[in-house]
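Remarks on the structure that follows.
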């Protein structure tokens, strides 16, 4: 069964499958696109990781920033 699609936003805190050498497994998303820039919540180390690898290694989304805007609604022209 396919994994459900999850949209990630800048500021999200995610838990990864593997722990970082510092012992933390929580990361903050700093940049999204083809690659994700994530920052370790334990030591502050910044890592650039390819989108497929990031999506495969995320265990769960821990928190989402409250001010995330909804997707813009396209209004049909009359």
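Once both labels are positioned 7 Å from their Cα atoms along Cα-to-Cβ, the gap between residue 50 and residue 35 label points is 1.2 nm. As a rough footprinting exposure proxy, the listed residues 62, 48 were ranked by other beta carbons within 10 Å of their own, and the order from fewest upward is 48, 62. If the Kirkwood radius is taken over C-alpha pairs of region 13-63, then at 20 °C and 1.002 mPa s the Stokes-Einstein diffusion coefficient equals 201 µm²/s.
Give me the extension gain from residue 24 to residue 5: residue separation times 0.36 nm, minus the current Cα-Cα distance, reported in nm with one decimal. Here the answer is 4.3 nm. If the segment from residue 60 to residue 13 were pulled out straight at 0.36 nm per residue, it would be longer than the present Cα-Cα gap by 16.0 nm.
Read-outs: derived from the displayed coordinates by stated rules, not from any lab. Just so it is clear, the model here is predicted, and its values are computed rather than measured. A quick note on method: Cβ atoms are made from the backbone with ideal geometry, for glycine too, and the neighbour counts reach across all protein chains shown.
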